[in-house]
1. If you roll a 1.4 Å probe over region 75-151 with all protein chains in place, what percent of the accessible area is carbon or sulfur?
2. By how many degrees, 0 to 90 and rounded to 10, does the Cα axis of helix 514-529 deviate from the longest principal axis of the chain?
3. Using a simple spin-label model with points 7 Å from Cα along the Cα→Cβ vector, what separation in nm is obtained for N187 and D571?
4. How would you order 110-120, 168-178 from highest to lowest mean count of nearby Cβ atoms within 10 Å?
5. Relative to the longest principal axis of the C-alpha atoms of the chain, give the angle of the C-alpha long axis of helix 416-430, reported between 0 and 90° and rounded to the nearest 10°.
6. Counting only heavy atoms of protein chains, what accessible area per residue, in Å², does the chain have with a probe of 1.4 Å?
7. How much of the accessible area of region 610-658, in percent, comes from carbon and sulfur atoms when a 1.4 Å probe is used?
8. What are the GluC sites (Glu not before Pro) within region 410-485 that DSSP puts in a loop, where the Cβ has at most 13 other Cβ atoms within 10 Å?
Amino acid sequence: MLHGRQAEQSVIAELVEGRCGALVVRGEAGIGKSALLECSAAGARAQVLRVSGVESEADLPFAALHLLLRPVLEHVEALPRQQAEALRGALGLGGATRGDRFLVGLATLNLLVELSAAGPVLCLVDDAQWLDGESADALLFAARRLHAEPVAVLFAARDGDVRDGDFPARGLPELRLRELDAEAAGNLLAEQAADLPPTVRDQVMAEAGGNPLALIELPRMLTPEQRKGAMAPLTFFAGTAQPVTDRVLTGFRVRISTFPAATRSCLLVAALDHHGGLEVLARAVSRLGASLVDFAEAERAGLVRVGPDGVAFHHPLVRTAVLLACDIGDRMAAHQALAETADDDRRAWHRAALTLQPDEEVAGELENLALLALRRGGQTAVSAAYARAAELSPDPGRAVRRWTAAAQAAIEAGLWQRAGELVTRARQRAETVTLTGSAQAELAYVRAKLEVEAGRPLDGVRLLHDGAEATDDLPSKLSLLAMAGYYTWASATHPDQLALARRTEELCPDGEGQVEAVRTVNHSFRRVLEGDATPTLLSGRPGRDDHIPYELRCLQVFQGIVGKDIAGMLDAPTALVEECRVEGRLGRLPQAMVILAIAEVLGGRHPSARATVTTGLALASDVGQPMWRGYLAGIHAWLSAVAGAQEECEAMAEQAIRDADHRRWMPGAGWGSVPVRFWTSGWAATKRCLTGWTGR
């Protein structure tokens, strides 16, 4: 029985019985989130899949998703081929793929839908704040897209003390748990410790503050004299201002410290490699002179449960208490044992935990791990592995390159604050060494991305110029200059725009093919900023070329829709969108969808444009691309105005202008203001504005 949670149980029951949708249960440690999930599982008439996030696993790509889907992996073959390959590759079950983490999300969604054909499905995700980033992305992608399928997803996430901010549950309903009221708290305490005298019970109630875990655990921390009320006040609680969860943590730590050394060794190995499985645990603890039998005392104390799938801790605070109760020597010995027994992903991390001085061999292992994670679509894991490799790099030049790669992966994962921290580390190390031109270009590229995100696009352009001047690598130079031209044009009006556009054009080398395309595009941008309403068009139609940087291909397709006949203007942007979809590069789709939506608007295909914009907006929010989200919101505002949906138009225009004002980014704001121009100036002026080449 859950005391005092009838209202919360009703909310969850409505979701589970309705069998469609998702809900995030939030609250402090020990407030009862796990108990609510357990209760929902016990009463569900559905197939239940469950997983718990673990802090030590947060840098292993798709670790949590693998555990959640492990019981149903035989159904992966029912998915479309490319989705099945992406999911198998992400989970390390097949050949490595160049998988996009959001394609893995699509595969996760469709796998859950496939399972639901045989009956309702309930997914329970506990301690979601500690999910690895890739698993969180995939599960949230799927959860936001559950509409009519008999699939329900429950997330439980702790408030505070989480990695990189709160659990990112944008767009999902939330249920926040508060402390139990006095009646419910009293009933729970009476159930757990009926022998306490009234004075002791009252003090425990006061100390617990309505936290269910504290109400259960604080009585267990009392000495026999304290339980009888023979010691007043209760000296264990007196004179402390610790939060109640910290006191519970202290109690766990004290209990663990009384266990035999072999039991503590077993608990420590399980805490450091929670999901390694019993076979791995058995091999690791044997190297420490223990065996699985030594878990028995901790089991009898109610702190862990050992089963066929591994060791489950009574509460995440128990795992934390284990780490605090063991000294650094014990932890190093446990990491060594796991490094000798764990799989490749975990082995590299355990070796890194043992390494206190720069070591190129270990750094190289971590870089290889980053490359493997990259092929599996795990950008958060890529960033973490590169960052640790940089810390262990004895050579300053390699360290800078690895810090830069870590920052780039963090940007791809949408972790902008983390990317900024990593770039700072790269720049600090760069002061001690003369960088190669390619290293300077890579660092300039990442710094420019951060400047644009921070609302300083022209500062980003200056960095791109520096990088382009530093490198002799032609593809890299062209990519930097293509970005520089576009960011200059797309910036809000500024006195330096024209000078920067001219400088971008000057830096473009002479040549044919890609070189000519970059020069032509940047020449056109410069003419637009000078007030010329007629852009210089590329000869021929842009086509597929794997050697052309993606930024340049987008610009070619974007420019190609200007001046085309109605029938032909949709071909290239449609092909670009389909290419991103087929290759699983959903992280690039928002930009491609912007181009397609503009072409559809110019071609008079408003229903298709609305569908494209709606899908693109959802994706841009998922992948953390506010620039393209604002651009799409502006196009959405224009379409809403044409359809006569005034409130929708105003909301979308407000979002587009807000994003534009924050980032000094012109296109979204331009589209957001188009409805006014349409009403006052007519279609001809509006069409000129829509092309983006005039009407600044």
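1. 51 percent
2. 80 degrees
3. 7.2 nm
4. Answer by packing, highest mean first, reads 110-120, 168-178.
5. The helix 416-430 is inclined about 80 degrees to the chain.
6. 41 Å²
7. Within region 610-658, the accessible surface is 53 percent carbon and sulfur.
8. In loop regions of region 410-485 (DSSP not H, G, I, E or B), the sparsely surrounded GluC sites (Glu not before Pro) are E431.
The values are calculated or read from the model by the stated rules, or taken from the named source; none is laboratory data. Bear in mind that the values here come from a model prediction, so they are computed numbers and not experimental data. Here Cβ is always computed from backbone atoms with ideal geometry, including for glycine, and neighbour counts include all displayed protein chains. For the accessible areas, the whole protein counts, side chains as well, though only heavy atoms, and no ligand, DNA or RNA atoms are used. Shrake-Rupley method; radii C 1.70, N 1.55, O 1.52, S 1.80 Å.
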